[in-house]
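Student: Sending over a structure as structure tokens; questions will come in a sec.
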Amino acid sequence: MPHSNKPVPSLTPQITAAGQRQLSQLQQEFNQKTEQIEQLKQELAARRASMSQAQKRIEKELRPIIAQQLEKRVELVQLLDEAFALPLFSFREKEKLALLIADITYDLIAQYERRDMVELHDRYAEVPYAERIASPAEDGFDWAEGIAEDELGIADELEDLSDWERIQAQLDREMEEREREKQNRQKGRKTKAQQAKEAQAKAELSNISKASRRVYTDLAKQLHPDKEQDETKRAWKEEAMKKVTQAYHHDDFFELLRLQMEFLQEQGQALDKLPDEQLQYYVQLLTDQVNELKAELNGFTFGPDADFYNRFCGSPKQMDQKFKRAKEDLNEELASLKQNLRILQDPVMIKTLLK
């Protein structure tokens, strides 16, 4: 799949060796992970762009044909409504006709939001539309809304760095206290080997988290705009800090490193001087990010958007072919609807249809 618009800047975090020195295996792994992340980000961005383009093409190319089909379905159900009063039909046939009208109008309302069909639906349906769609399971709405707000709730305001550090320290202390209480409750049921293993895993996780936070804090100290007097530089730093904060809140460690190279060149060039222990944590963070990006990419194959992507998206050539087929199918269906309307103008043909 071509990538005409690169979503990720070419400034990829890489460790370079000075002189003739060879990179260590750990340094090479770091470079491999960052290259892999950039490729995955490009692929994801290309697929998102393809989805967006497909949605626009649906509105422009397919929606007008669907709208014509919709009007023909409305004409059809109105035709059946007029025929219902004719003495031509038996009681049993009228039952079938009523069921057909109710089904078509329900689809028009539910799928196409044709609220003008509610009255007609309720005239023939055993259960009114409002009762049919009523659902007692609405308790989860506020919860889902709250989750959405949390995901979108990255504050635009830039808090004072010292406040941020104080809050982080407080959260760390509270987490450590909860962990100590939990460990004390379970201590009597675990062997010393188990306790030592868990302590080591906890320390590893803490160090990995601190590695990400260290990069964020270094950037925040240099870029925080509060003490900047120059208005132009202040505006630039505000935009830079928004990018840094967004990357941190989205656990995008790759982007934090990239921003570090973009905004603090001397920090980016110092990657080759990182001690192995710290570099190991960096590699772990990048590995986690690779796995998350792969999972997101798999969503286009197995997730809720997979059907849409397969039907309408792909390379420009693939998309053209898919939309050509979709338009042909829709136009064929529209022609069939028009023909049926012409045929069913004769009530005898409606009677034949019901049989």
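Student: Does Gln32 satisfy being outside the structural domain of Gln111 (by TED's automatic domain parsing), closer than 28 Å to Gly303 by Cα, polar (S, T, N, Q) and at pLDDT 90 or above?
Tutor: Yes: the conditions hold for Gln32.
Student: Further, regarding this structure: Which one of Ile65, Ile37 is closer than 22 Å to Lys294 by Cα, surrounded by 14 or more Cβ atoms within 10 Å (Cβ to Cβ) and in contact (Cβ under 8 Å) with a residue 40 or more places away in the chain?
Tutor: Ile37
Student: Going residue by residue through region 16-25, is there one that turns out to be farther than 30 Å from Gln339 by Cα, surrounded by 15 or more Cβ atoms within 10 Å (Cβ to Cβ) and not assigned by TED's automatic domain parsing to the domain that holds Glu292?
Tutor: Yes; the residues of region 16-25 include at least one that is farther than 30 Å from Gln339 by Cα, surrounded by 15 or more Cβ atoms within 10 Å (Cβ to Cβ) and not assigned by TED's automatic domain parsing to the domain that holds Glu292.
Student: Please name all residue pairs, on different chains or six or more residues apart, with Cβ atoms under 7 Å, provided the first residue is in region 221-249 and is assigned by TED's automatic domain parsing to the domain that holds Ala211 and the second residue is surrounded by fewer than 15 Cβ atoms within 10 Å (Cβ to Cβ).
Tutor: If the second residue must be surrounded by fewer than 15 Cβ atoms within 10 Å (Cβ to Cβ), the pairs left are Pro225/Arg234; Asp226/Asp160; Glu228/Arg234; Thr245/Ile154; Gln246/Ile154; His249/Ile154.
Student: Condition check: more than 22 Å from Gly299 (Cα to Cα) and either modelled with pLDDT of 95 or more or acidic (Asp, Glu) (or both). Does Glu38 satisfy that?
Tutor: no
Student: Name the residue that is farthest from Ala49 (Cα to Cα), counting only residues in region 310-354 that are hydroxyl-bearing (Ser, Thr, Tyr) and part of a helix (DSSP H, G or I).
Tutor: Among them, the one singled out is Thr352.
Student: Can you tell which of Leu120, Leu79, Leu86 is in contact with a Leu (Cβ under 7 Å, 6 or more places away or on another chain) and not assigned by TED's automatic domain parsing to the domain that holds His250?
Tutor: Leu79
Student: Right, here's the next one. Given the conditions (1) farther than 18 Å from Pro64 by Cβ; (2) free of Cβ contacts under 8 Å to residues at least 24 places away in the same chain, which single one is not true for Glu332?
Tutor: Unmet condition: (1).
Student: Only residues that are free of Cβ contacts under 8 Å to residues at least 24 places away in the same chain and in a helix (DSSP H, G or I): list them for region 85-99, please.
Tutor: Of everything in region 85-99, those that are free of Cβ contacts under 8 Å to residues at least 24 places away in the same chain and in a helix (DSSP H, G or I) turn out to be Phe91, Arg92, Lys94, Glu95.
Student: Is it the case that Ala45 is assigned to a helix (DSSP H, G or I), on the phi < 0 side of the Ramachandran plot and touching a Pro at 6+ places or on another chain (Cβ under 6 Å)?
Tutor: For Ala45, the condition - assigned to a helix (DSSP H, G or I), on the phi < 0 side of the Ramachandran plot and touching a Pro at 6+ places or on another chain (Cβ under 6 Å) - is met.
Student: Of everything in region 295-344, what is exposed (fewer than 12 other Cβ atoms within 10 Å of the Cβ) and under 30 Å from Ser212 (Cα atoms)? Give them in sequence order.
Tutor: Correct list: Ala295, Asn298.
Student: Against the definition (on the phi < 0 side of the Ramachandran plot, basic (Lys, Arg) and at pLDDT 80 or above), how does Lys243 come out, yes or no?
Tutor: So Lys243 passes the test.
The values are calculated or read from the model by the stated rules, or taken from the named source; none is laboratory data. Given the structure is predicted, the values throughout are model-derived calculations rather than measurements. In this analysis, Cβ positions are derived from the backbone assuming ideal geometry, glycine residues included, and neighbour counts consider all displayed protein chains.
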